[in-house]
Amino acid sequence: MAAGSSKSVDDEGYSYAGYTIQFTVSNTTPAGTQIPINISIVDESGNTWTDTFYAVVGSETAEMAYDKYTVVADYDGDKKVEKGEQVYLQVFLKNIGSGAANSVKATFSSSSSYISGLSPTAQIDYGNFTGGQSKYGQGGYDFSVYYTIMFTVSSSATAGTQIPINISIVDGSSNTWSESFNVKVE
Ligand SMILES: [Ca+2]
């Protein structure tokens with residue numbers, strides 16, 4: 001190895017190529033445990049070195065968050081939220097954690113005086129999320145498309161008005177998350 005160089009060694013002898021070492025972590029290992037791995041190193045001249053690194057055991061927790069919204073139906077069909085319009089949004093939630101979140105439900109609310117008729121206000125079933133998964137919830141079906149929420153924008157709203165929407169999220173294990181996002185009037 002040249003001075004300053006770094007490289008890995010692939011053990012090609014087994015079914016998975018591309019790793020240096022492998023091991024199995026016990027099911028009873030607590031998250032945060034540091035597993036010490038000792039390395040004995042020798043070169044052709046008989047020089048020897050020892051080194052140690054730690055493999056940290058992670059936790060497979062779920063973390064639900066607001067991801068994005070898309071306008072799927074509106075009055076004039078330009079998919080822009082404008083004053084006086086009834087708009088239908090798909091709201092995507094994302095599991096930004098690594099563990100699964102099951103039986104996720106979300107409730108939407110807004111204190112904005114610029115919208116009326118926010119629907120549904122009941123819990124919307126988002127189902128199960130794997131780690132990293134994003135999807136929208138089905139709050140209703142209209143205009144041949146599933147939407148998450150719909151509401152009417154006040155005719156007194158002006159371009160640039162931000163409509164805050166709050167999301168209360170709960171999963172089947174009673175984990176809860178509070179998220180919010182803004183819908184901009186154009
Ligand atoms: Ca529009």
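Below are the figures for this structure:
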| read-out | value |
| --- | --- |
| The chain - Rg and Dmax from Cα coordinates, angstrom | 25.6, 83 |
| Value in Å of the Kirkwood radius, where the range 104-174 supplies the Cα pairs that are averaged | 13.7 Å |
| Given charges at Cβ of Lys, Arg, Asp, Glu: the range 1-124 dipole, positive-most of 8, 33, 119 | 119 |
| Computed E for residue 96/residue 174 - FRET, C-beta separation, R0 30 angstrom, nearest 0.05 | 0.95 |
| Net lengthening on full extension, residue 5/residue 122 (0.36 nm per residue, minus Cα-Cα) | 36.2 nm |
| Net charge contributed by nearby residues that have their C-beta within less than 11 Å of residue 74 (K/R +1, D/E -1) | -3 |
| Where labels lie 7 Å past Cα in the beta-carbon direction, separation of residue 158 and residue 82 in nm | 1.8 nm |
| Loop trypsin sites (Lys or Arg not before Pro), the range 1-94 (other Cβ atoms within 10 Å of the site Cβ: 14 or fewer; DSSP) | 7, 79, 80 |
| Environment charge at residue 126 (Cβ cut-off 13 Å; Lys +1, Arg +1, Asp -1, Glu -1) | -1 |
| Efficiency of FRET between residue 141 and residue 59 - r from beta-carbon atoms, R0 30 angstrom, step 0.05 | 0.20 |
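Every read-out reported here was derived from the displayed coordinates using simple, explicitly stated rules and does not represent laboratory data. Keep in mind it's a predicted model, so treat the numbers as computed, not measured. Cβ atoms come from the backbone with ideal geometry, glycine included; neighbour counts cover every protein chain shown.
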